[in-house]
Amino acid sequence: MSNHIDLLFDFFHQYVNIGIQENIFNEFNKKSISIDFSSKSRQGDISSNFYLVAIKKNLDKKFDLKTDLLKKINNLFFVENCEISKNGFININIKKNFLLDQIKNLLEAKHSFGKSNSGGGKKVNVEFVSANPTGPITVAHMRGAVLGDVISSLLAESGFEVTREYYVNNAGSQIDTLGISLYKRYLELFGEAIELNNDEYPGSYLIDIANKIKKIDGDKWRNKDTNERKEYFKDFAVTYLIEFIQNDLQLLNIDFDKFTFEKDIVSNQIINELFKILNEKKLLYKGTLEKPKGEDSDDWEPREQLLFKSSDIFDHQDRALQKSNGEWTYFANDAAYHLDKYKRKFDKLINIWGADHIGYIPRMRSILKTISSSDDYLEILTCQIVRLIKNNEILKMSKREGNFITLREVYDEVGKDPLRYFMISTKSETSMDFDLNKVLEKNKDNPVFYCQYAYARASSVINKASSLGINLESFDKYNQATNNLTKDEIEIILKLLSYPYILQQASNYREPHRLTNFIEDISTLFHSFWNKGKENESLRFIDNQDIIKTQSKLLWLHSMRIVFENVFKIIGIDFHETM
RNA sequence: GCGCCCGUAGCUCAAUUGGAUAGAGCGCCAGACUACGGAUCUGGAGGUUAGGAGUUCGACUCUUCUCGGGCGCGCCA
C-alpha cells in the first residue's frame with residue numbers, strides 16, 4: 001500500500017498529465033514538484049509547492065486552477081482537508097484513520113519498512129579506504145571508512161547489489177621503501193647497526209613483522225641482496241599490514257567483500273587493453289607537458305612522455321601514464337584498475353577519497369568517461385579532514401617520526417558507536433572537529449547518547465506496560481486509536497512515516513547525515529513529550545484505567561523502535577533496551 | 001599563478017538540493033523532580049547566511065566578482 005506522500009505525488013503527476021492533454025499546461029518538469037512532509041511550519045500535516053509551480057504553466061487564462069485543485073485534493077480519500085495559503089502553498093491534513101493504516105503497515109513490515117527497490121538490483125562497487133599498506137590505518141582514513149561502509153548499507157537498503165572493495169597499492173616506490181625498511185629491521189635483529197633514511201618507515205610494527213620472518217626463515221636472508229629477497233620482504237610486509245588494517249577496521253565492524261591488488265592489475269596486463277581503448281579514441285600520444293606552476297619546481301626539465309589527452313574531457317591538462325624509468329605511473333595502474341572494475345560488469349562505480357585527492361578527480365573521471373561513454377558511471381565522493389580535539393586542544397599530526405594517531409588509538413578512547421555516529425553525522429565535504437571528550441559525555445550534548453536513550457526509554461515503557469499485562473493485540477481493536485492521540489504524537493507519527501523518504505534521499509544523495517538528523521529530531525520530540533507526562537498525568541504513556549489509550553501509544557512506540565533500529569543498523573551502531 | 005572544496009548564532013552543526021518567519025545542541029539568563037528512567041524537559045536572549053552584484057513569484061542554495069580558510073598542481077601514492 002502506498003503512503004500519503006506517494007499518493008499525493010501520484011495525484012500531482014496525474015493532474016499534470018491530464019492538464020497537458022487538455023492544453024491547460026505545456027511542458028512541465030515534474031521534478032520541480034516538492035512535497036514537504038516534515039511539516040516544520042505546522043501548517044498542515046504535509047504541504048507542497050505544486051500550486052506555485054503549476055500556476056506558472058497555466059496557459060488557459062479562463063481556467064480556475066486554484067478552485068479546481070482544491071476541489072480535487074479535498075476529494076482524495078486520504079485527505080481530511082486542504083487549503084492554499086496566501087503565498088501559494090498547498091497545506092493538507094491527512095485523515096487520521098489513514099495514518100493508522102500506515103502504522104499498521106509499518107508494524108507488519110518491521111525491518112523491511114523503508115526498504116525500496118529503486119536500485120533495481122543494479123551492481124554498485126563502492127571503493128573506499130584503500131590506504132597504502134605501509135603502516136596501521138590512521139585517523140586520516142577514519143571518516144572515509146565509515147562513510148563508505150554506511151553508504152554501501154544505504155545503497156543496499158535501496159535495492160542495489162553492493163560490493164565493498166579495497167584497492168591495495170602494493171606496487172611502486174612506497175612499497176619498495178617499505179621492503180627496505182623491513183629488511184633493515186630484520187638485519188637489526190641480528191645485531192647489525194641500522195640507520196633509517198628520512199623516507200623510510202620508522203614504526204615499531206615493522207620490528208614485529210621482522211621477528212616473524214626471523215622465526216620462519218632464520219638468517220636465510222641476511223646476506224642476500226637478490227630480487228627474490230626484495231620481493232619476499234615487500235610481499236611479507238604487505239600481507240601482514242593488510243591483516244593489521246583489516247583487524248583495525250573490524251573494530252568498527254567494517255568489512256570488505258573484495259581486496260584488489262595493484263600488483264595483480266600490473267601482471268594481468270589490463271593496461272594494454274586500456275591503451276587499446278585510448279588509442280582507438282585517439283586520446284593517447286607522446287608529448288611534453290608544460291612546466292607546472294607549483295612553487296618548488298626548480299628541478300623541472302621538459303621530457304617527452306606517454307600522455308593521456310584528458311584535457312579533451314574533464315581535465316585542464318593532459319596526464320602522464322609512464323615514468324621516465326619506464327614504469328607505469330600510479331595513475332596508469334589506477335586507470336587500468338578501474339577498467340578492471342568496469343569489466344567486472346558493475347553498473348556503477350563509487351569511490352570515496354580524502355580531500356588530498358580532490359585534484360585527481362578530473363583525470364579519473366576522464367578515463368571512465370572514455371571507457372564507459374557515461375559522464376556519471378564513476379562517482380567520486382570526497383571527505384574533508386577531521387581535526388581531533390582533546391582537552392580543548394587540536395591534536396597535531398605529522399607523518400614524520402611516526403607521529404600520527406591511529407584509528408585503533410581513537411577507537412580505544414571512544415569506542416565504536418560515537419566514532420561511527422560522528423563520522424557520518426555531518427556532510428562529508430565539510431571539514432569537521434571531533435572532540436574526544438565531548439563524544440563520551442552521557443548527556444544531551446551527545447546526540448549518540450540522546451538517540452540511544454530515547455530508544456531505551458521507549459523500550460522501557462513497552463516493557464513496563466507488558467509487565468502490567470498491556471500489550472498490543474489484534475489491530476482491529478484500534479480503529480479509533482488516533483482519537484486518543486495528541487497533536488505531539490501525531491507529529492511523531494508523521495515523522496516516522498516519512499522515514500522511507502528520508503532513507504531514499506540519504507541514499508540518492510549519498511548523505512547519511514540525513515539519517516542522524518532524522519532520529520535526533522524524533523528523539524527531541526519524544527523526550528519532550530515524555531516530560532509533558534510529568535506535569536500532566538493524562539499525557540503519560542501508561543494508564544491502567546484505559547487500556548485502549550495505552551495501546552494506542554504502544555502503536556507508535558513500537559513503530560518508533562522499528563524505525564530507530566533500522567537507522568541504527570544502517571549507520572552501524574548498537575541499541576539497548578537499558579542504558 | 002591555476003584548479004577543486006568550504007565559509008550559516010560566541011562554539012559544534014542542520015536546513016527535505018530553489019520554498020513559507022534560516023533551525024537544533026552546547027554555552028549564557030530564568031524556571032520544572034512524592035518520576036512510565038531528571039542521563040530529561042520548559043521559557044528567554046543571540047543572524048544583513050563572509051561581502052557586493054545578478055537570475056525570479058521566492059536565494060543559505062544557482063551565476064559572477066571580492067575577501068577569508070583548507071587541499072592539490074610532471075617522472076609520490
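One table, with the values for the structure above:
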item: Percent carbon-and-sulfur accessible area, the stretch A:178-218, ignoring ligands, DNA and RNA, probe 1.4 Å; result: 47
item: Protein-only accessible surface order, largest first, of A:His513, A:His4 at 1.4 Å; result: A:His513, A:His4
item: Accessible surface of A:Asp433 - all protein chains present, 1.4 Å probe, nearest 10 Å²; result: 80
item: Inter-site label distance for A:Lys282 and A:Gln21 at 7 Å from Cα along Cβ, in nm; result: 5.0
item: Exposure ranking of A:Tyr509, A:Tyr421, A:Tyr201 by accessible area [1.4 Å probe, largest first]; result: A:Tyr509, A:Tyr201, A:Tyr421
item: Nearest-ten-degree value, helix A:142-157 long axis tilted from longest Cα axis of chain A; result: 50
item: Set of the stretch A:501-533 residues, backbone N closer than 19 Å to the point 7 Å along the Cα-Cβ line of A:His357; result: A:510-512
item: Over the stretch A:4-94, relative contact order from alpha-carbon pairs under 8 Å, at least 6 apart, %; result: 27
item: For the stretch A:2-54, convex hull of alpha carbons as volume per residue, Å³; result: 78
item: Theoretical ellipticity at 222 nm over chain A - DSSP helices of four or more residues, -39500 (n - 2.57) apiece, nearest 500; result: -15000 deg cm²/dmol
item: Cα-based shape type of the stretch A:442-571, given that a ≥ b ≥ c are square roots of the gyration tensor eigenvalues and the cut on a/c is 1.5; result: prolate
item: Cα-based Rg and Dmax for the stretch A:278-427, where Dmax is the largest Cα-Cα distance (Å); result: 19.7, 59
item: For the stretch A:131-157 and the stretch A:536-563, distance of Cα centres in Å; result: 40
item: Inter-label distance, nm, simple model (7 Å from Cα along the C-beta direction), A:Ser116/A:Lys96; result: 3.0
item: Size of electric dipole in chain A: Cβ of Lys, Arg +1 and of Asp, Glu -1, about Cα centre, debye, nearest 20; result: 1340
item: Accessible surface of the stretch A:431-579 [probe 1.4 Å, protein heavy atoms]: carbon and sulfur percent; result: 45
item: Accessible surface ranking that places the most exposed of A:Leu8, A:Leu525 first, with a 1.4 angstrom probe; result: A:Leu525, A:Leu8
item: Fraction of antiparallel bridges per DSSP, chain A only, in percent to nearest 5; result: 50
item: Mean projection area, nm², convex hull over Cα of chain A; result: 35.3
item: Degrees between helix A:499-508 axis and first principal axis of chain A (Cα, 0 to 90, nearest 10); result: 30
item: Share of carbon and sulfur in the accessible heavy-atom surface of the stretch A:294-368 [1.4 Å probe, %]; result: 44
item: Under-5 Å amide H pairs with A:Asp45, H placed in peptide plane, nonlocal only; result: A:Ile92, A:Asn93, A:Ile94
item: Accessible area (Å², 1.4 Å probe, nearest 10) - A:Phe89; result: 80
item: Separation between Cα centres of the stretch A:211-261 and the stretch A:319-388, rounded to whole Å; result: 26
item: With all protein chains modelled, accessible area of A:Trp530 [1.4 Å, Å²]; result: 60
item: Alpha carbon centroid spacing (whole Å) that separates the stretch A:401-460 from the stretch A:58-88; result: 47
item: Solvent-accessible area per residue, Å², over chain A with all protein chains present [probe radius 1.4 Å]; result: 49
item: Nearest-ten-degree value, helix A:173-188 long axis tilted from longest Cα axis of chain A; result: 60
item: Alpha-carbon radius of gyration plus Dmax, which is the widest Cα pair, for the stretch A:4-94 in Å; result: 12.4, 36
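The values are calculated or read from the model by the stated rules, or taken from the named source; none is laboratory data. These numbers were taken from a predicted model, which means no experiment stands behind them. Glycine gets a Cβ as well: all are built from the backbone with ideal geometry, and neighbour counts include every protein chain shown. Keep in mind that these areas ignore ligands, DNA and RNA; they rest on the heavy atoms of the full protein, side chains included. Shrake-Rupley method; radii C 1.70, N 1.55, O 1.52, S 1.80 Å.
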